[in-house]
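Please read the structure below before turning to the comments.
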Amino acid sequence: MKMLDCKEFKETRSGFGDALLEIGRINPDLFGICGDLTGSVKMNQFAEAFPERFVQVGIAEANMVGIAAGLALSGKIPVVGGFAGFITGRVYDQIRMVVAYSNKNVKIAGSHAGITSGEDGATHQIMEDLGLMKMLPNMVVLNPCDYNQTKAATHAAVKHIGPVYLRFGRPAVPNFTPMDQPFEIGKAIQLKEGSDVSIFATGHLVWHALVAAKQLQEEGISAEVINIHTIKPLDEEAILRSVTKTKCVVSAEEHLMNGGLGDSIAQLLSRKLPTPMEYVAVDDRFGESGTPELLLKEYGLDASNIVDAVKKVSQRL
């Protein structure tokens, strides 16, 4: 797999920031709103280039969402940026009532998502955000895997009419998807064809799924790897097509087992194609401080855990 020759590491949050600047240059209706985290979520370039279209509200996330809803009502396209834990969990009621319920054209950008915010610790590491956001009617939920895909996802989110939650992370990770790869909301991308097991991965764990697939191939196991960059709407057709062929499933995500991608896939399969399945996800735990690499290992979220899950699910056939 040529993708594994990747030598470039970039932050997904930088993909968001660079895309925001690009869109701002061509779309005068784009507004940025942030809660005292402009540099951390990479909205600083947009703020410097378009100060008249940027609002810094301080540590007041609920107010930030209210301002965004007002801008949307006036025909603008507001992008609200913050740490994923603060911009979803702390302000969930406002998102539910003034954005999702009324289907306003607000984009919510959550950086530092998952366990890989690292040394910031449990208070800043949210692993429930995908579940919180996907349960809201009208909300589109995107979780791209690298810098290039986060740029493309940001462009797609702004073009979409309606509320969107865009999730990305803090650390530099392999940047392995093509720069010009189309990003279509709700359409999964097959990265490797296989016949023995379907690995559905999202976000940072897409790379780990590819690493696992290479190891499995060396052991004679053919793994199909599919990048589920859109948690909602889920690409049911792609999932069912792959599972019909392989007969077993592993989901991989930097999120709690409850409420995440695996949960959505399991619901789909239980209704339409009951299939043996294993999860690579966090099992009912809060985070803790540490480097991203150590935390992925501690919480069972690296390539070796995907390999183990594939071997476990294969025994259930």
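The values are calculated or read from the model by the stated rules, or taken from the named source; none is laboratory data. Fair warning: this is a prediction, and the values are worked out from it, not measured in the lab. Cβ coordinates were reconstructed from backbone atoms using ideal geometry, including for glycine residues, and neighbour counts include every protein chain displayed.
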Could you grab me the full set of residues in segment 68-86 that are farther than 21 Å from Leu130 by Cα and in contact (Cβ under 8 Å) with a residue 40 or more places away in the chain? Leu71, Gly75, Lys76, Ile77
Would you tally the residues in segment 103-120 being of a type in the set (Gly, Ala, Ser) and in a helix (DSSP H, G or I)? 2
Please indicate, with yes or no, whether at least one residue in segment 255-268 is under 16 Å from Thr177 (Cβ atoms) and either hydroxyl-bearing (Ser, Thr, Tyr) or within 17 Å of the chain's Cα centre (by Cα) (or both). no
Over segment 1-38, the set of residues among the β-branched types (Val, Ile, Thr) and crowded, with 17+ Cβ neighbours inside 10 Å is Thr12, Ile23, Ile33, Thr38
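Is it the case that some residue within segment 121-135 is in contact (Cβ under 8 Å) with a residue 40 or more places away in the chain, among the β-branched types (Val, Ile, Thr), at negative phi and in a strand (DSSP E or B)? Please lay out each step first, then the result.
So the first thing to find is which residues in segment 121-135 are in contact (Cβ under 8 Å) with a residue 40 or more places away in the chain, and the list is 121-122, 124-135.
Pick out the ones that are also among the β-branched types (Val, Ile, Thr) and you get 126.
Those still in the list that are at negative phi too: 126.
Filter again for in a strand (DSSP E or B), leaving none.
The answer is no, given that none of the residues of segment 121-135 is in contact (Cβ under 8 Å) with a residue 40 or more places away in the chain, among the β-branched types (Val, Ile, Thr), at negative phi and in a strand (DSSP E or B).
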Restricting the search to segment 98-127, which residues are under 25 Å from Lys159 (Cβ atoms) and of a type in the set (A, V, I, L, M, F, W, C)? Val98, Val99, Ala100, Val106, Ile108, Ala109, Ala113
Of a type in the set (Gly, Ala, Ser), out of contact with any Pro (no Cβ under 7 Å at 6 or more places or on another chain) and assigned to a strand (DSSP E or B): does that describe Gly24? no
Output for segment 92-115, where each listed residue is surrounded by fewer than 24 Cβ atoms within 10 Å (Cβ to Cβ) and either of a type in the set (Ser, Thr, Tyr) or modelled with pLDDT under 95 (or both): Tyr92, Tyr101, Ser102
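Tell me the residue from Glu61, Glu22 that is touching a Phe, Trp or Tyr at 6+ places or on another chain (Cβ under 6 Å) and in contact (Cβ under 8 Å) with a residue 12 or more places away in the chain, please. Quick ask: steps written out before the conclusion?
Working: Glu22 fails: touching a Phe, Trp or Tyr at 6+ places or on another chain (Cβ under 6 Å).
Only one candidate qualifies: Glu61.
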Scan segment 87-108 and report the pairs whose first residue is at positive phi and whose second residue is surrounded by fewer than 22 Cβ atoms within 10 Å (Cβ to Cβ), with Cβ atoms within less than 7 Å and a gap of 6+ or a chain change. Asn103/Asn138; Asn103/Gly162
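Per-residue answers, yes or no, for (1) within 30 Å of Gly194 (Cβ to Cβ); (2) in contact with a strand residue (DSSP E or B) (Cβ under 7 Å, 6 or more places away or on another chain):
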position: Asp5; (1), (2): yes, no
position: Ser14; (1), (2): no, no
position: Gly35; (1), (2): no, yes
position: Glu48; (1), (2): no, no
position: Val65; (1), (2): no, yes
position: Ala68; (1), (2): no, yes
position: Gly75; (1), (2): no, no
Residues satisfying the stated conditions in segment 66-92, i.e. among the β-branched types (Val, Ile, Thr) and under 20 Å from the mean Cα position of the chain (by Cα): Val79, Val80, Ile87, Thr88, Val91
Hits in segment 16-39 (condition: small (Gly, Ala, Ser) and at pLDDT below 95): Gly35
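Tell me, yes or no, whether segment 39-55 has at least one residue that is assigned to a helix (DSSP H, G or I), touching a Ser or Thr at 6+ places or on another chain (Cβ under 6 Å) and either surrounded by 15 or more Cβ atoms within 10 Å (Cβ to Cβ) or not assigned by TED's automatic domain parsing to the domain that holds Ser222 (or both).
Yes; the residues of segment 39-55 include at least one that is assigned to a helix (DSSP H, G or I), touching a Ser or Thr at 6+ places or on another chain (Cβ under 6 Å) and either surrounded by 15 or more Cβ atoms within 10 Å (Cβ to Cβ) or not assigned by TED's automatic domain parsing to the domain that holds Ser222 (or both).
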Keeping to segment 155-176, report how many residues are in contact (Cβ under 8 Å) with a residue 60 or more places away in the chain and over 16 Å from Met133 (Cβ atoms). 9
